[in-house]
Amino acid sequence: MVAPPRAPGPATTTHRHGRLDVTLERRGPATVVAAQDIVFPSGTVRIADVDGDGVGELQITNPSGGLLAGDRMDTLLRARAGTRASVVTQGANRVCGAAVGLPPARTELHARMALEGDAVLEWAPHHLVPYARAAILQRTAVEVAPAAGLLLWETLSAGRSGRGERFAWDHVDVRMRVARDGRPLLHDGAVLGPGGEPFDGADLVATVVVVLPTDRPAGTATDLADDLHRALGAVPGTLASASAVDDALIVGRVVARDATVLYRALHAARVLARPALGLPAPRRPIT
């Protein structure tokens, strides 16, 4: 019998407690930051209609380049009616482990989002990279209004494979919850201890979620899921699937050989999902 992964106890002290609280709203043709509250190590945010297509790109920054053992980061995002936005990060989210000889100190990442009215949001962060001896708890919760739409992905890497730190973390616990009108649409997650080869030789695993507005014609979700299944699986270096859970929810999983392959697959997902959400096709990939 294989023992279950041991859960690290809470850090005796929080090393740094960062906070990013942002409200987006529509003003004329543009989506703008209506309010923000930032506490280090979260960095400044900026939004711009980079492609001139009416979709504001909000970039989240981290001036320290990553999170340290014992850090906590809270991200709160409210997208008001009419918002059209894509939320991206400046790079991979690197989480350091405790120093050799010290007990694990849990690093926590909490993200809570609320999509109001007919808001449409892409949550497209770069992948999570747990360093050796890292102990991570990640929680993502999204509330989607009936007329709102969401494209979300979250990705976990095997670690710093090039440095021999493959699944060298102490503990990783990642969970996601998506709800509509208080009714859960999706609960997803994984709890992984150190060692083994849970990705079967791949470097990254991503979960892709699409929540359609409830006014879409019958069969839209099924058709989109079929298209996503074919497109994700057609990218060389991936093992992927997608399916429609109900008339408004599509969930996909991508196992990718490396980051280049992963983001090629995620771009294919954006190309297909955006029109179904009422957004223009992306003009460039997230890399």
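For this structure, a couple of remarks:
- Carbon/sulfur fraction of accessible area - the chain, other protein chains in place, 1.4 Å, %: 54
- For the stretch 18-162, the C-alpha radius of gyration divided by 2.2 N^0.38 Å, with N the number of residues, is 1.10.
- Farthest toward the positive end of the dipole of the stretch 133-287, out of 241, 209, 260, is the Cα of 260, where the dipole comes from beta carbon charges about the Cα centre.
- Projected area averaged over orientations for the stretch 189-263, convex hull of C-alpha atoms, nm²: 5.6
- Accessible area (Å², per residue) of the stretch 43-151, counting only protein heavy atoms and a probe of 1.4 Å: 34
- Were the residues from residue 21 through residue 39 laid out at 0.36 nm apart, the gain over their Cα-Cα distance would be 5.6 nm.
- Under a Gaussian network description of the chain, with springs only between Cα atoms under 10 Å, the residue in 254, 174, 245 that fluctuates furthest is 245.
- Most mobile listed residue (101, 195, 28) in the chain, GNM with C-alpha springs under 10 Å: 101
- Cα gyration tensor shape for the stretch 92-215, rounded if a/c is under 1.5, else prolate or oblate: prolate
- Debye-sum result for the chain in log10 I(q)/I(0), which assumes one identical scatterer on each alpha carbon, at q = 0.12, 0.14, 0.15 Å⁻¹: -0.75, -1.03, -1.18
- Of all the options 106, 175, 80, the one that moves most in a Gaussian network model of the chain with Cα springs shorter than 10 angstrom is 175.
- Degrees, to the nearest 10: 220-233 long Cα axis against longest axis of the chain: 50
- Against the compact-protein benchmark of 2.2 N^0.38 Å, the Cα-based radius of gyration of the stretch 160-287 scales to 1.15.
- The chain - share of DSSP beta bridges that are antiparallel (%, nearest 5): 45
- With Cα atoms defining each centre, the stretch 155-208 and the stretch 11-57 are spaced 25 Å apart in the structure.
The values are calculated or read from the model by the stated rules, or taken from the named source; none is laboratory data. As the structure is a prediction and not an experimental result, all values here were calculated from the model. Note that each Cβ is placed from the backbone with ideal geometry, even for glycine, and that neighbours are counted across all protein chains shown. Accessible surface is based on the protein model in full, side chains and every heavy atom, while ligands, DNA and RNA are left aside. Shrake-Rupley method; radii C 1.70, N 1.55, O 1.52, S 1.80 Å.
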